[in-house]
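The values are calculated or read from the model by the stated rules, or taken from the named source; none is laboratory data. This structure is a prediction, so every number in the text was calculated from the model and none was measured. When we count neighbours, we look across all protein chains shown, and the Cβ atoms used for this are built from the backbone with ideal geometry, even at glycine.
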Amino acid sequence: MTPGPFTTAPTTTEPDVVVIGGGPAGSTVAALLADKGHAVVLIEKAQHPRFHIGESLLPMNMPLFDRLGVRTEVEAIGIRKHGAEFVSPWHDHISHFDFGQAMDKSFPYAVHVRRSELDELLFRHAGKRGARTFEGQRVTGVDMDAGKGTPDNRPAVKVKADDGTETTWRPRFVIDASGRDTLLSNQFDVKQRNRKHASAALYGHFENAQRNPGRFEGNISLFWFDHGWFWYIPLKDGTVSVGAVASPAYFKRRQGASLEAFLMDTIALAPKLAARLKNATLMEGATTTGNYAYDSKFCRGDRFMMVGDAYAFVDPMFSSGVYLAMNSGFEAATAADHWLKGEAKEAEKAFRHYEKVMKHGPKMFSWFIYRITSPAIRRLFMAPRNVWRMQEALLSILAGDLFRDTPIAPRFWGFKLTYYVSCLGILPQAVKTWAWRRRNLKESLEAVKG
């Protein structure tokens, strides 16, 4: 894909907005604000296309692509995902979930994409909408008080390019979409590590892996094993993304083994997954990352906002990352647009709504993530029942339908009650799992401090 027409040198270093980070969140908010007529600069530290994990999207991503005007292009690079399947070593059957059976039947599928392709597509789209886009340029710091005492009180965004060139931008407003670099959160010292959950991931891409037939080919699979869970994501080019997510304490066992050998040893702990990869070949080695969950004490302030992972990150359990990032981009664009237009009352209302949205999404997914290794939650996922439409509500949450008026909340509370009653029915096992999880979490947090 060729660069958009707005990647030339700027005519001014005083735009309305500087967006830091050219991932899904940053490219989304940049495109929306530029489309509203604001002067937007979008700065990405890498060169597109660049690798990023997180290939699976949610059905509620699709209307966001519609609103951006890129759905056709996204579907062209992806494979349809109609649902998910859960595979347990403690059960003989596979449990299937079809997004078309959610409470709202209007969003029956999502897609899997290579993030290098999706992220570049969204970045180029922001350029086409009018944002001035820059790659290979890293923001080294933001001085929010640089314009103190001047009429427009503009911050200073300092940038260093790959060739060593340094630039200082003086926007009216700053949007941090730096992802897990969490630029402003670190600078303000407001990043908070999640005390309830910690995980790490080890993953790779395989060719010649076994895929499901027909309509189910693109469905995501989740495999439980003794130390956590695996994702299994089919991609359009015939390869499959496979990753193990477990506590950092488990990954400390690797010692001198190579990442590739440790990944294959870990896959062997899930025989049903190993069977699907029996004739597969690991491509381009393995990669590991620490997915320590975190958030920040706040997500917005005077003349700035944090969007996507720059504010909070949760375990990739339910493919929520791109959806939460893009949704935050839409909400941030609404608030920033009001602010830039001088509509103080509307802006404050939009900023408050933004704060609620940023807290609500991770909170909903986290409830499941904290408990996914619980035997009670496994039983409910492996034997779902649609009593009082609770299964439909669960599917709605897994599809990302969190921010509309879909009547999920009472059913979700019903699901929670069912879970806690189920825990009482297997109390010794539930307590044992809880203690194991607490021990792993303590070891993981101690490893981080060390």
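Does the range 98-114 hold any residues that are surrounded by 21 or more Cβ atoms within 10 Å (Cβ to Cβ) and not in a loop (DSSP other than H, G, I, E, B), and which are they?
Phe99, Ala110, Val111, His112
Only one of Arg215, Arg211, Arg195 is outside any loop (DSSP other than H, G, I, E, B), of a type outside the set (Phe, Trp, Tyr) and surrounded by fewer than 24 Cβ atoms within 10 Å (Cβ to Cβ). Can you tell me which?
Arg215
Residue-by-condition table, conditions (1) touching a Ser or Thr at 6+ places or on another chain (Cβ under 6 Å); (2) within 27 Å of Pro375 (Cα to Cα); (3) acidic (Asp, Glu):
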{"site": "Gln192", "(1), (2), (3)": "no, no, no"}
{"site": "His197", "(1), (2), (3)": "no, yes, no"}
{"site": "Gly204", "(1), (2), (3)": "no, no, no"}
{"site": "Val240", "(1), (2), (3)": "no, no, no"}
{"site": "Ala244", "(1), (2), (3)": "yes, yes, no"}
{"site": "Gln255", "(1), (2), (3)": "no, no, no"}
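Out of Asp162, Asp176, report the one residue that is more than 28 Å from Ser247 (Cα to Cα), of a type in the set (Asp, Glu) and surrounded by 14 or more Cβ atoms within 10 Å (Cβ to Cβ).
Asp176
Among the residues of the range 44-66, which ones are touching a Lys or Arg at 6+ places or on another chain (Cβ under 8 Å), of a type in the set (A, V, I, L, M, F, W, C) and either closer than 22 Å to Ile20 by Cα or not assigned by TED's automatic domain parsing to the domain that holds Ile175 (or both)?
If the condition is that a residue be touching a Lys or Arg at 6+ places or on another chain (Cβ under 8 Å), of a type in the set (A, V, I, L, M, F, W, C) and either closer than 22 Å to Ile20 by Cα or not assigned by TED's automatic domain parsing to the domain that holds Ile175 (or both), then Phe51, Ile53, Phe65 are the ones that fit.
What about Leu42, is it buried (at least 17 other Cβ atoms within 10 Å of the Cβ), farther than 30 Å from Gly238 by Cα, at pLDDT 95 or above and out of contact with any Leu (no Cβ under 9 Å at 6 or more places or on another chain)?
When the stated conditions are applied, Leu42 passes them.
Can you name every residue in the range 41-74 that is of a type in the set (S, T, N, Q) and out of contact with any strand residue (DSSP E or B) (no Cβ under 8 Å at 6 or more places or on another chain)? Can you show your working first?
Step one: filter the range 41-74 for residues of a type in the set (S, T, N, Q), giving 47, 56, 61, 72.
Correct list: Gln47, Thr72.
If you go through the range 47-83 one residue at a time, how many are without any contact (Cβ under 8 Å) to a residue 24 or more places away in the chain and aromatic (Phe, Trp, Tyr)?
Total satisfying the criteria: 1.
Filter the range 258-317 for residues that are modelled with pLDDT under 95, part of a loop (DSSP other than H, G, I, E, B) and not aliphatic (A, V, I, L, M); which is farthest from Gly238 (Cα to Cα)?
Filtering first and then ranking leaves Tyr292.
Check whether at least one residue in the range 116-125 is more than 18 Å from the chain's Cα centre (by Cα) and in contact (Cβ under 8 Å) with a residue 40 or more places away in the chain, and report yes or no.
yes
Of everything in the range 345-380, what is of a type in the set (S, T, N, Q) and in a loop (DSSP other than H, G, I, E, B)? Give them in sequence order.
Selection gives Thr373, Ser374.
Please work out which residue is surrounded by the most Cβ atoms within 10 Å (Cβ to Cβ), limiting yourself to the range 271-288 and to residues that are closer than 23 Å to Tyr250 by Cα and over 25 Å from the mean Cα position of the chain (by Cα).
Leu277
Quick one: would you say Ser185 is buried (at least 19 other Cβ atoms within 10 Å of the Cβ) and in contact with a Leu (Cβ under 8 Å, 6 or more places away or on another chain)?
No.
Can you find a residue that is within 30 Å of Gly290 (Cβ to Cβ), of a type in the set (A, V, I, L, M) and surrounded by fewer than 21 Cβ atoms within 10 Å (Cβ to Cβ) anywhere in the range 11-27?
No, the range 11-27 contains no residue that is within 30 Å of Gly290 (Cβ to Cβ), of a type in the set (A, V, I, L, M) and surrounded by fewer than 21 Cβ atoms within 10 Å (Cβ to Cβ).
Residue check, Gly342 against (1) in a loop (DSSP other than H, G, I, E, B); (2) surrounded by fewer than 21 Cβ atoms within 10 Å (Cβ to Cβ); (3) in contact (Cβ under 8 Å) with a residue 60 or more places away in the chain, all met but one. Which one?
Every listed condition holds for Gly342 apart from (3).
Inside the range 4-89, counting only helices (runs of 4 or more DSSP H) that do not spill past its ends, which hold 3 or more residues that are among the charged types (D, E, K, R)?
71-76
Please enumerate the residues belonging to the range 224-253 that are hydroxyl-bearing (Ser, Thr, Tyr) and at pLDDT below 95.
Listed by number, the residues that qualify are Ser247, Tyr250.
What do you reckon, is Lys252 among the charged types (D, E, K, R) and either under 30 Å from Ala76 (Cα atoms) or surrounded by 15 or more Cβ atoms within 10 Å (Cβ to Cβ) (or both)?
The answer is no for Lys252.
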